[in-house]
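The values are calculated or read from the model by the stated rules, or taken from the named source; none is laboratory data. These figures come from a predicted structure and were not determined experimentally. Methodologically, a virtual Cβ is constructed for each residue, glycine included, from the backbone with ideal geometry; neighbour enumeration extends over all protein chains shown. Just the protein is used for accessible areas: all its heavy atoms, side chains included, with ligands, DNA and RNA removed. Shrake-Rupley method; radii C 1.70, N 1.55, O 1.52, S 1.80 Å.
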Amino acid sequence: MSSNWSPTVNVNLVKSRYFRRIPWLAGACLLPVVGLVGWPWWGKGLLLLVIAACLYRWRLPQIRQLQLCDNVLTVVADEVQVITSPGRVIRLGPWLAMQTPAGWLNLFEDQAPREQLQPIYQWLWLNRVK
């Protein structure tokens, strides 16, 4: 179900505080798994060091700018993506995840005021591909 409704919106986003917390949350989720591995203590320690090094270097792409014009959404993150029909869209509380051809992008409400993001949320929801 696609809609022709498309306002013209240009939103510059700030850095979100949530992006710094995601690697810590992933590490906390892996701690019980490492504890249940049937390896000796030195193997578990080595595994924890490898996980910590990987999580330290892991960076999610942060969206810096969103432009919606003529039913086309331009997303500026690490690379510029032009989206004419969005894929899956997940919205839980202050978090929105959208599937793009290059992968999943995350958007949090602390990056811009809700009034600026609302037309983009509506466009993503109305034009998503099921």
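Quick one: how many residues across the range 101-130 are β-branched (Val, Ile, Thr) and modelled with pLDDT of 85 or more?
Number of matching residues: 1.
Among the residues of the range 100-121, the one identified as among the β-branched types (Val, Ile, Thr) and surrounded by fewer than 19 Cβ atoms within 10 Å (Cβ to Cβ) is Thr100. Tyr56 meets the conditions (1) within 20 Å of Leu25 (Cβ to Cβ); (2) part of a helix (DSSP H, G or I); (3) in contact with a Leu (Cβ under 8 Å, 6 or more places away or on another chain) in every case but one. The failed one is (3). Kindly evaluate Val82 against the criterion of being open to solvent by less than 20 Å² (accessible area, probe 1.4 Å) and free of Cβ contacts under 8 Å to residues at least 60 places away in the same chain. Here the answer is no, as Val82 does not meet what is asked.
Of the residues making up the range 1-10, those that are modelled with pLDDT of 70 or more and exposed (fewer than 15 other Cβ atoms within 10 Å of the Cβ) are Pro7, Thr8, Asn10.
Residue-wise test of (1) under 20 Å from Leu13 (Cα atoms); (2) touching a residue at least 24 places away in the same chain (Cβ under 8 Å); (3) among the aromatic types (Phe, Trp, Tyr).
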site: Trp41; (1), (2), (3): no, no, yes
site: Ile51; (1), (2), (3): no, yes, no
site: Cys54; (1), (2), (3): no, no, no
site: Gln62; (1), (2), (3): yes, yes, no
site: Ile90; (1), (2), (3): yes, no, no
site: Trp104; (1), (2), (3): yes, no, yes
site: Leu107; (1), (2), (3): yes, yes, no
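Tallying residues that are more than 21 Å from Leu126 (Cβ to Cβ) and more than 16 Å from the chain's Cα centre (by Cα) within the range 56-82 yields 2.
Of everything listed in (1) farther than 30 Å from Pro119 by Cβ; (2) touching a Lys or Arg at 6+ places or on another chain (Cβ under 9 Å); (3) open to solvent by 80 Å² or more (accessible area, probe 1.4 Å), the single unmet condition for Val37 is (3). Looking at Leu25, Leu13, which is the one that is modelled with pLDDT under 90 and exposed (fewer than 12 other Cβ atoms within 10 Å of the Cβ)? After applying the criteria, what remains is Leu25.
For the range 14-65, what are the residues that are among the hydrophobic types (A, V, I, L, M, F, W, C) and touching a Pro at 6+ places or on another chain (Cβ under 8 Å)? Spell out how you get there, then give the answer.
In the first step, residues of the range 14-65 are kept if they are among the hydrophobic types (A, V, I, L, M, F, W, C); the result is 14, 19, 22, 24-26, 28-31, 33-34, 36-37, 39, 41-42, 46-55, 58, 60, 63.
Of everything in the range 14-65, those that are among the hydrophobic types (A, V, I, L, M, F, W, C) and touching a Pro at 6+ places or on another chain (Cβ under 8 Å) turn out to be Leu55, Trp58.
Restricting Ile51, Ile90, Ile120 to those that are assigned to a helix (DSSP H, G or I) and within 16 Å of the chain's Cα centre (by Cα) reduces the list to Ile120.
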